[in-house]
Every structure is written in C-alpha cells, then in structure tokens.
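Undergrad: Sending over a structure as structure tokens; questions will come in a sec.
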Amino acid sequence: MDSARWPRYFSKADTKQTLNRRNGWEVLDGYETASPPQRGSGHSKRFFASLVVFASLTLVAIVASGRGDANKCLYDCTPYEVHLSLMSDPSSVRVTWRTNTEDCGTLVLYQKARRAYRWGTDLLSYFGWSIPRAFAVESRHSSNDVCGSPANETSFSLNMYSAVLTGLEPGVGYIYMLSGGCDEYEFTAPLGVGPQVADFEFVAFGDMGTGPGQNLMVAALGAEAAEHDPRFVFLNGDLAYAHGDNGVWEEFMDQIESVASHVPWMVSTGNHEYAMSLDLERDHWGLEPFRPKYAPEDYGLKNDGGGECGTQLAWRFPMLEEGALTLRSTEPPKPGAAFPPFWYAFEYGAAHFIALSSEHDLAEGSLQRIWLEKDLASVDRCKTPFVVVFHHRAFKTPPFWPTTFEREFLAPVVEDLFTENGVDLIVGAHQHLYYRGCAFGEGSCEDEGIMEVVIGTGGHQLTEVPDGLENEYIPKLGYGRFTVGAKDIIFEFVEAEGRDTLDSFTLGSKELCSQSQEWR
C-alpha cells in the first residue's frame with residue numbers, strides 16, 4: 001500500500017523532519033521549524049487548519065497518555081500487533097492491539113482523512129474541535145488459561161485491547177491513533193452490503209507461519225493493497241504455527257501489522273490453532289474435542305494445536321460483535337449462536353461469507369451445524385447473490401495426499417446442505433499448494449456443482465507435488481484475488497514472488513433472487 005495516498009498534517013515540503021520506518025510504513029519522527037507549504041493555489045490557505053488539527057490531536061494524545069512529551073511513546077503501553085477486522089454493521093470496524101503491561105489507556109481517536117472532509121458538515125472535526133473517539137475493552141490472559149502442554153509449560157501474560165469505531169461513512173478514508181502510541185494508521189471504511197455496492201476485491205489464503213515465506217507474503221500483500229485496494233484479507237486457518245509458543249504468536253502478529261493495521265483481516269481456525277491432544281477432555285469453553293474415529297491421527301495424536309485449543313486465536317482475533325464475548329467467556333455457545341472466530345458469518349457487497357471450523361463437528365445436531373443451517377436459511381439472495389464458505393481443511397484432497405478422510409467423510413456431511421442452499425464457492429487450505437475443482441463429485445463445476453479453490457500457500461513450507469502434476473497442483477507461495485460484483489466473481493491465483501497470475505476463472509451468479517422466499 002502506498003502510504004503517500006493518505007494525507008498528512010505536514011508533508012515533506014512543510015517541515016524539516018526525521019523519517020523513520022515503523023512496521024513497514026513511513027512515519028514522522030519529529031515536527032520542527034515548519035514553513036508555509038508550497039503546494040499550489042489554494043493549499044497554502046489550509047496550512048493553519050492543518051496546524052490546528054495536528055495540535056488538537058497532539059493535545060488529546062498527551063491527555064490520553066498522561067505524559068507531557070507528545071513525541072515520546074509510552075513504551076510500557078506502546079500498542080503492538082495493531083490490526084483491524086470487519087463488523088456485522090458495515091458502518092463500523094474493530095481495532096485490536098496488545099501492550100506489554102496492564103491498565104494502559106483505552107482511548108482511540110479517529111477521523112476522516114483530510115481529503116474526505118466536506119466543508120460545513122465536517123468543519124468542527126476538521127479543525128480538531130470535535131474528534132470521534134472510541135474506548136477499548138481490555139482483556140487479560142495467561143498461560144493459566146490455555147488447555148494443556150506445551151502451551152502451559154512456559155509462563156506468559158497477554159494484555160489485549162479491542163475497540164469498535166462506529167459511524168463510518170461507506171468507502172471513506174479514515175485515520176486513527178491509539179492510547180500510548182505515536183503512530184497514525186489509515187484505513188478505508190467498508191462499502192456496505194447489497195448488489196448495488198460497487199465491485200470490490202478481497203484476498204484469501206491459508207497456512208502462513210513465520211519466517212521468509214511470511215515476509216514474502218506480507219510484501220506481496222502490501223503491493224496488492226497499493227495497486228488493487230482489497231477491502232479485506234481472509235486468513236483461512238493455520239496462522240502462526242506457534243505450537244503453544246506465545247513468542248511465535250507475537251512474532252507473527254508483529255510481521256502482519258504493516259498490512260493488518262490498514263486492511264481488515266478476518267480469520268478461521270485450522271488444526272494448528274485448535275487440534276487437541278488425547279489427554280485433553282475439554283477446551284477453554286467447555287467443549288469436548290472433535291475426535292472422529294476416521295481420523296485419530298489428525299484430530300488427536302499429533303497435538304497440532306500445542307495445547308492452545310483455539311485460545312490464542314480467539315484472544316488475538318475477536319471477530320464481529322460476538323467475538324468480544326468469546327475472548328472473555330469460558331462458556332460454550334448456545335445452540336444456533338455464532339461462535340467466532342470458529343464459526344460466524346458476515347456480508348460485504350453482493351456476497352454472504354461463512355467461516356467454518358474444520359476442527360469442530362459439522363454433523364447434524366452439532367452446535368456448529370445447528371448454527372450453519374440457521375445461517376444458510378437466513379440468506380437473502382436478492383441482497384447477497386453469492387454465498388462463499390471458508391473451511392480450513394479442503395473437502396476434495398489431491399490424489400497424492402496421505403489422508404482421504406476429508407473427501408470420504410467430511411465432504412458427505414455438508415454436501416446436501418451446501419447444494420440445497422445454493423452455495424457458490426468453497427475456499428479451502430491445509431494442503432500447502434494451490435488447486436481447484438469440484439468440492440463434491442467430479443468434473444470442472446462449470447455447469448453445476450460447487451467450485452472449491454484450495455489456497456494453502458500463505459508462507460509455510462510447500463507440499464511436494466509429484467512430477468507431471470505441477471500444472472494442476474501449483475506448489476508456489478501466493479494468494480487468491482477475488483473480485484466480487486453483482487453478477488459474477490472473478491478469481492485469480494497470484495504468485496507472491498513477481499505477483500503474476502497463474503490461474504483464473506469467472507464464476508457466474510446462480511440467480512436465485514426470485515427464489516429468495518423459498519430459500520428462507
């Protein structure tokens with residue numbers, strides 16, 4: 001993302017300044033001996049207004065931090081791991097961050113980017129006299145709150161803050177500042193919901209981890225944001241591969257902040273967030289582990305979740321309104337209720353998005369299934385013509401994949417439900433490569449069926465593909481670029497290195513609007 005597209009209170013021409021690189025973004029390290037700007041006709045008249053805005057933000061930052069020097073961050077209360085996520089209400093977004101100590105400030109200041117102001121209606125806010133603000137909910141967690149080993153073997157404490165910024169105007173640019181911090185962050189408010197909303201893009205992938213692969217992906221996502229302006233990123237399970245190590249989570253979150261603090265990130269759970277060892281009988285919320293007889297190794301023997309059983313994911317990524325309840329709760333969800341970040345739904349533009357957990361039961365009568373049936377029945381296909389499902393474990397596995405239970409047991413559980421409710425697209429991961437095909441049955445899904453794209457290429461070690469299959473199963477780091485309109489979804493698989501498009505297709509609408517009452 002090009003940080004120059006977002007206005008500053010002082011530009012390089014306005015002031016002598018020290019430039020510093022923080023989280024991959026250029027920020028001003030000092031403001032001194034400012035001179036009148038030379039930007040052409042009309043702009044010099046707004047210099048005093050810019051000065052007032054900066055002074056007012058600085059004053060509020062001083063009050064919020066309790067320090068007299070506005071150019072110093074409160075290091076114990078410095079916000080780390082700053083990231084945005086979407087809400088059910090399209091006029092709101094959530095911002096979440098971590099600090100190194102307890103009882104830090106909870107104030108968030110936000111206002112429109114300067115280019116977005118309308119003189120008259122926004123005059124008070126422009127001059128800094130009326131700045132929107134939100135207050136975060138603080139939650140504290142520790143190694144005592146996880147489920148088992150090795151996550152509980154090394155002591156750690158986690159101080160999380162999460163605030164909801166409300167009253168946002170569709171598609172308008174905003175800036176925000178956090179208590180205890182020196183940096184400004186920028187984002188664009190959601191566009192809204194419905195087929196009348198302009199075409200928008202989002203990106204999706206799974207299986208990220210830390211290290212060189214993640215660094216390459218973050219750089220590619222930054223370039224993607226600059227050129228294509230995706231409205232959100234969906235990370236489809238297996239985020240940090242922490243295996244119970246809180247330090248790995250911190251490394252992972254720090255690395256994605258350069259993008260996630262500006263573009264909302266939505267997530268689902270994978271085996272490396274949740275899978276529980278055989279000695280565990282309940283998770284943090286009192287739920288029994290999912291241990292199907294057909295896959296004992298994947299759902300117990302490996303302990304892929306490292307004793308976290310989803311706690312780190314829920315604490316760091318509170319999704320939607322209900323997510324704030326999940327991170328503070330120790331109770332299971334009620335039947336029919338969403339349980340983010342494990343299962344939940346949201347809408348954007350012409351699409352209804354469903355995030356499912358591959359690590360919880362989806363069979364009839366299960367908590368996740370009861371909610372899923374209720375959610376699918378509620379979809380208004382006139383309002384959101386497309387239904388897109390995210391599920392970490394792909395339903396259709398490659399012929400060379402060592403396990404077949406996903407195809408033989410998981411897929412039949414949801415096939416009829418998805419087909420009867422007109423699901424358009426399934427996005428999977430888990431296999432560390434890219435491929436696509438019919439989720440259920442054979443064929444290309446061009447005429448009927450449900451297309452599944454598997455994008456487990458987010459940065460972790462890639463799956464080795466047998467000779468001769470590299471064109472069908474692509475073992476390269478990359479992401480899916482989805483362009484959603486009222487009539488179709490255009491998909492491209494983009495390689496992270498070089499950002500070339502390696503595969504693409506267009507998915508047309510099933511045109512179920514006329515049947516919307518029947519589908520309910």
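The values are calculated or read from the model by the stated rules, or taken from the named source; none is laboratory data. Here the structure is a predicted model, which is why all the values come from computation and not from measurement. All Cβ positions, even for glycine, are placed from backbone atoms using ideal geometry, and neighbour counts span all protein chains on display. The accessibility values were calculated without ligands, DNA or RNA, using every heavy atom of the protein model including side chains. Shrake-Rupley method; radii C 1.70, N 1.55, O 1.52, S 1.80 Å.
Undergrad: Take the conditions at pLDDT below 95 and open to solvent by less than 50 Å² (accessible area, probe 1.4 Å) and apply them to residue 410. Does it pass?
TA: Answer is yes for this residue.
Undergrad: Being under 26 Å from residue 265 (Cα atoms), open to solvent by 10 Å² or more (accessible area, probe 1.4 Å) and modelled with pLDDT under 95 narrows it down to one of 504, 444, 514, 509, so name that one.
TA: Just a single option satisfies the conditions, and that option is 509.
Undergrad: Residues of the range 315-338 being in a loop (DSSP other than H, G, I, E, B), crowded, with 19+ Cβ neighbours inside 10 Å and either touching a His at 6+ places or on another chain (Cβ under 9 Å) or among the hydroxyl-bearing types (Ser, Thr, Tyr) (or both), which ones?
TA: Result: 317, single match.
Undergrad: Within the range 377-385, can one find any residue that is open to solvent by 10 Å² or more (accessible area, probe 1.4 Å) and either under 27 Å from residue 208 (Cβ atoms) or modelled with pLDDT under 95 (or both)?
TA: No, the conditions are met nowhere in the range 377-385.
Undergrad: With the requirement that a residue be over 30 Å from residue 175 (Cα atoms) and either of a type in the set (S, T, N, Q) or at pLDDT 95 or above (or both), what does the range 130-149 give you?
TA: Listed by number, the residues that qualify are 142, 143, 144, 149.
Undergrad: Looking at the range 261-275, which of the residues that are within 21 Å of residue 95 (Cα to Cα) and small (Gly, Ala, Ser) is surrounded by the most Cβ atoms within 10 Å (Cβ to Cβ)?
TA: If we take residues in the range 261-275 being within 21 Å of residue 95 (Cα to Cα) and small (Gly, Ala, Ser), then 268 is surrounded by the most Cβ atoms within 10 Å (Cβ to Cβ).
Undergrad: On to the next question. Exactly one condition in (1) in contact (Cβ under 8 Å) with a residue 40 or more places away in the chain; (2) surrounded by 15 or more Cβ atoms within 10 Å (Cβ to Cβ) is false for residue 400; which is it?
TA: With (1) in contact (Cβ under 8 Å) with a residue 40 or more places away in the chain; (2) surrounded by 15 or more Cβ atoms within 10 Å (Cβ to Cβ) applied to residue 400, the lone miss is (2).
Undergrad: Kindly check whether there is at least one residue in the range 236-245 that is crowded, with 19+ Cβ neighbours inside 10 Å, outside any loop (DSSP other than H, G, I, E, B), under 12 Å from the mean Cα position of the chain (by Cα) and hydrophobic (A, V, I, L, M, F, W, C).
TA: no
Undergrad: Within the range 467-484, work out how many residues are modelled with pLDDT of 95 or more and assigned to a loop (DSSP other than H, G, I, E, B).
TA: 4
Undergrad: Another question about this same structure. Hey, can you tell me all the residues within the range 450-466 that are modelled with pLDDT under 95 and not in a loop (DSSP other than H, G, I, E, B)?
TA: 451
Undergrad: Would you please list the contacts, defined by Cβ atoms under 7 Å and residues six or more apart or on different chains, that run from a residue in the range 281-296 that is modelled with pLDDT of 85 or more to a residue that is open to solvent by less than 20 Å² (accessible area, probe 1.4 Å) and among the β-branched types (Val, Ile, Thr)?
TA: Filtered contacts from the range 281-296: 284/311.
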